[in-house]
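Only the coordinates and a few stated rules stand behind these numbers; no lab work does. Keep in mind the model is a prediction, meaning the values are calculated, not measured. We place every Cβ from the backbone using ideal geometry, glycine too, and count neighbours over all the protein chains shown.
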Amino acid sequence: MTPWELPQSLCVCGIDYAIRTDFRVILDILMALGDPELDDYAKTEIMIKILYEDYEEIPPEAMQEAAKKAAEFIDCGLSDDGKQALRTFDWEQDAGIIIPAINSVAGHEVRADKYMHWWTFLGCFMEIRESVFSTIQGIRYKKAKKKKLEKWEIEFCRENRALVELKEKYTQEELEEQERLMQLLG
């Protein structure tokens, strides 16, 4: 993959396989990857089935490479340093504040586009500047790093608690256990 082109296929074991590249498709994959009800195998299977147009043509022995190439595509070919990144946003929870920020960068309503390549969408995302989203992300970063918040940030948190707090995702089993404990305490 080269950053100067928008890939429409991925080469797996020497064969090019067409992929779905619209940003909505990748967001669907990211939602599945964040689902606590799914194990790693199910998440990988879903990613491959959603991304590759003809996933059933990929031989079983090539699935590991197909998954690796899919992850690289989703990450825009950018390699990480192996460190666990701080979680300062959630695509699903923050969609309502991410989209206006991306629209601002793109200069139009991206949801109205029939198609936008994932890399273009992610490029807009990476260029988000001053916005409600960037404010919230900055506050979350400071809180995660145990840094002192400015007075205005504390007030913003107090007034926008539902926006600022990242919600944990729990399995149905975990939710039932929490409910059981609440009933014991209540």
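What to note about this one:
- A simple packing score, the average count of other Cβ atoms within 10 Å per residue, orders the peptides 133-144, 111-122 as 133-144, 111-122, with the highest score first.
- Computed across the chain, the Kirkwood radius stands at 18.9 Å (inverse of mean 1/r, all Cα pairs).
- On the beta carbon distance between T120 and T88, with R0 = 22 Å, the FRET formula returns roughly 0.50.
- Relative to the 2.2 N^0.38 Å rule of thumb, segment 1-67 has a C-alpha radius of gyration ratio of 1.13.
- Here each label is just a point 7 Å from Cα along the line to Cβ, and for A112 and L6 those points are 1.8 nm apart.
- Relative contact order, percent, the chain [alpha-carbon distance under 8 Å, six or more residues apart]: 23 percent
- Cβ-placed point charges (K, R +1; D, E -1), dipole of the chain about Cα centre in debye, nearest 20: 1220 debye
- Computed helical MRE - 222 nm, the chain, DSSP H runs ≥ 4 contributing -39500 (n - 2.57), nearest 500: -15500 deg cm²/dmol
- Members of K69/K142; K146/K169; K49/K114; K43/K142; K43/K68; K146/K167 lying beyond 24 Å, as alpha-carbon distances in this model show: K69/K142; K43/K142
- Reducing segment 1-61 and segment 137-179 to their Cα centroids gives an inter-centroid distance of 31 Å.
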